[in-house]
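Have a look at the structure below before the remarks.
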Protein chains: 2
Amino acid sequence: MRKFIIYSGKGATTPDFIIKDLPGSGGRMDLNARCVISTLWLSGSMREDSSIYISLNGEPDAPLVITFNGGELRKVSPDERSISIWIKKALERKDIISKKGNWLETHDGIAIARKTFEELLEERMKKGSLYLLHETGKDVRKEKLNVDPVFVLGDHMGLPEEKVHTVEKLAEEKLSLGPETYLSSQCITIVQNELDRRY
Amino acid sequence: MRKFIIYSGKGATTPDFIIKDLPGSGGRMDLNARCVISTLWLSGSMREDSSIYISLNGEPDAPLVITFNGGELRKVSPDERSISIWIKKALERKDIISKKGNWLETHDGIAIARKTFEELLEERMKKGSLYLLHETGKDVRKEKLNVDPVFVLGDHMGLPEEKVHTVEKLAEEKLSLGPETYLSSQCITIVQNELDRRY
């Protein structure tokens with residue numbers, strides 16, 4: 001299984017964000033939606049072995065995490081608007097989820113939980129190896145990757161310094177994807193392509 | 001310079017397409033917009049050496065081509081909605097463009113012309129080498145690429161068979177990006193990453 005965790009610093013934690021203004025009122029929900037597309041879609045098929053966790057840390061009710069699982073997802077279209085509408089629907093259920101961090105499935109392949117970024121990392125580490133995507137890391141093309149890798153990355157602001165330290169302590173390795181600093185969705189595409197070539 | 005040409009089989013050729021329905025009424029304008037993002041944006045900067053040509057072949061007034069040039073683009077945000085609004089604004093000017101295929105700049109770094117896919121290929125070949133992106137091609141990581149490459153690709157329907165033959169005749173090489181068939185925007189990201197590693 002391939003997993004991605006994106007830290008969304010301003011990602012909205014209310015279903016009231018405006019679909020016509022995903023960058024502003026959604027706290028860059030457009031970016032999160034593109035990350036979902038990069039993780040799960042191929043041309044004409046879905047990546048059933050992949051899933052993504054969006055750690056939402058924006059106003060007014062952080063922390064929340066929403067996950068999309070390619071093996072179970074149904075009836076979702078790969079465009080920013082559609083995916084954001086599904087995120088909205090998941091957020092509409094946030095008041096009935098447990099404070100203990102249990103997952104609530106809100107649609108086939110989509111679930112929400114109340115947990116911090118750190119709690120999410122710990123949960124995921126139990127089932128795979130963490131890799132931090134960071135421009136100062138080692139070249140992904142030259143590194144060996146464990147089975148069930150979990151790739152952690154930031155949004156347009158990058159991971160906050162303290163979060164970088166946290167992930168560095170937990171991660172197997174810090175990986176760079178090339179000589180440029182890529183958009184989050186581009187990072188995911190490059191990693192998926194690298195994994196496709198190996199397995 | 002790096003250039004991409006996308007053949008958009010159903011891309012709307014009217015400014016009346018609905019922003020709330022980019023996949024349907026826009027003829028997959030969401031996909032075209034994501035290709036613009038993949039071509040031109042990095043994290044925190046733009047690729048000033050890159051541009052993309054969208055060959056629009058949908059109803060009701062094909063053929064038209066819209067181009068986005070990273071070296072000149074100003075005030076455009078990297079999300080599907082914003083980019084589609086700029087495409088709409090370019091299409092609003094289509095009735096005043098020449099039938100001879102001359103380019104009309106409709107905004108800094110955005111221009112429109114009335115030309116067929118084939119006319120676009122011929123125009124671009126004069127200034128660079130064409131490469132067809134196709135899953136049956138040779139592995140991009142192993143091939144030498146000429147300077148000023150122009151990469152040609154299809155949308156979610158793929159390039160129609162006859163267009164594949166046309167491009168095959170003109171292209172330097174047919175290139176594959178990995179063992180999967182990727183979304184158009186993902187193809188562009190993978191190629192850009194490969195070029196970044198070389199130059």
Go through segment B:139-148 residue by residue and turn each phi into a ³J(HN,Hα) via Karplus (6.51, -1.76, 1.60, θ = phi - 60°); whole Hz please, and just put x for glycine and proline. 4, 4, 5, 9, 9, 7, 10, 5, 5, 6
Shielding by partners - mean other protein chain Cβ count within 10 Å, residues of B:187-198: 5
Rounded to the nearest 20 debye, what is the charge dipole size of the protein assembly as shown about its Cα centre when +1 sits on each Lys and Arg Cβ and -1 on each Asp and Glu Cβ? 80 debye
Label-to-label distances across copies for B:Arg74, with labels 7 Å out along Cα→Cβ, in nm, shortest first? 5.1
Can you compute the charge dipole magnitude of segment A:141-199 about its Cα centre, using +1 on each Lys and Arg Cβ and -1 on each Asp and Glu Cβ, nothing else charged? Give it in debye, rounded to the nearest 20. 240 debye
With Cβ to Cβ distances under 12 Å as the rule, what net charge do the other residues near B:Leu153 carry (K, R +1; D, E -1)? +1
Give the shape of segment B:148-196 as rounded, prolate or oblate, defined through the alpha-carbon gyration tensor: a ≥ b ≥ c are the square roots of its eigenvalues, a/c under 1.5 means rounded, and otherwise the shape is prolate if a/b is larger than b/c and oblate if not. oblate
How far, in nm to one decimal, is B:Gly24 from itself in the other copies if the label point is set 7 angstrom along Cα toward Cβ? Shortest first, please. 2.7
Over chain A, the sum of -39500 (n - 2.57) across DSSP H runs of at least four, divided by residue number and rounded to 500 deg cm²/dmol, gives at 222 nm -9000 deg cm²/dmol
Grab the other residues whose beta carbon is less than 10 angstrom from that of A:Tyr7, score K and R as +1, D and E as -1, and report the net. 0
Copies compared at B:Asp108 - label distances in nm, ascending, label defined 7 Å from Cα in the Cβ direction: 4.7
Global geometry of segment A:17-110, whether rounded, prolate or oblate, following the gyration tensor of its Cα atoms and the 1.5 cut on a/c: oblate
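Let me make sure I get this right: for segment B:118-199, a, b and c are the square roots of the gyration tensor eigenvalues over alpha carbons, sorted descending. Under 1.5 in a/c it's rounded, otherwise prolate if a/b > b/c, else oblate. Which is it?
oblate
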For peptide B:171-184, what's the mean number of Cβ atoms from other chains within 10 Å of each residue's Cβ? 3
Using the charge dipole of chain B (Lys, Arg: +1 at Cβ; Asp, Glu: -1 at Cβ; taken about the Cα centre), state which of B:Ser8, B:Val167, B:Leu40 has its Cα farthest towards the positive end. B:Leu40
Treating only Lys and Arg (+1) and Asp and Glu (-1) as charged, each at its beta carbon, one finds that chain B has a dipole about its Cα centre, in Debye to the nearest 20, of 360 debye
Tally Lys/Arg at +1 and Asp/Glu at -1 over every other residue whose Cβ is under 13 Å from the Cβ of B:Ser50; what's the total? -3
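Here, each number is a calculation from the coordinates, and none is a lab measurement. Because the structure is predicted, anything quoted here is derived from the model rather than measured. Cβ coordinates were reconstructed from backbone atoms using ideal geometry, including for glycine residues, and neighbour counts include every protein chain displayed.
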